[in-house]
Amino acid sequence: MAASAAPKTEVDTADYVTYAPAGSTCADCKQTINRLEPCRRSCIERRSGPPAAIYRHFECPR
């Protein structure tokens, strides 16, 4: 029986595909994500406070 492949990067563990709030930028390429462009939403841990939501292009142009 083959074991399932574990996620290798944070991009592989995105919460879900959604639309970013206005003014959001891609965490990878730092370009603006258009209003109706599908993107991946993830959370990152912060030293102080709750986790922060970050967005990445679904197909990042970088």
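The values are calculated or read from the model by the stated rules, or taken from the named source; none is laboratory data. As the structure is a prediction and not an experimental result, all values here were calculated from the model. Methodologically, a virtual Cβ is constructed for each residue, glycine included, from the backbone with ideal geometry; neighbour enumeration extends over all protein chains shown.
For R40, indicate whether it is exposed (fewer than 10 other Cβ atoms within 10 Å of the Cβ) and either at pLDDT below 90 or part of a strand (DSSP E or B) (or both).
Answer is no for this residue.
Can you run down the residue pairs with Cβ atoms below 8 Å, 6 or more apart or on separate chains, where the first is in segment 28-48 and within 11 Å of P61 (Cβ to Cβ) and the partner is basic (K, R) and part of a loop (DSSP other than H, G, I, E, B)?
Short answer, once both residue conditions are applied: D28/R62; C29/R62.
List the number of the failed condition for T25; all other conditions in (1) surrounded by 11 or more Cβ atoms within 10 Å (Cβ to Cβ); (2) modelled with pLDDT under 85 hold.
So T25 meets the others, but not (2).
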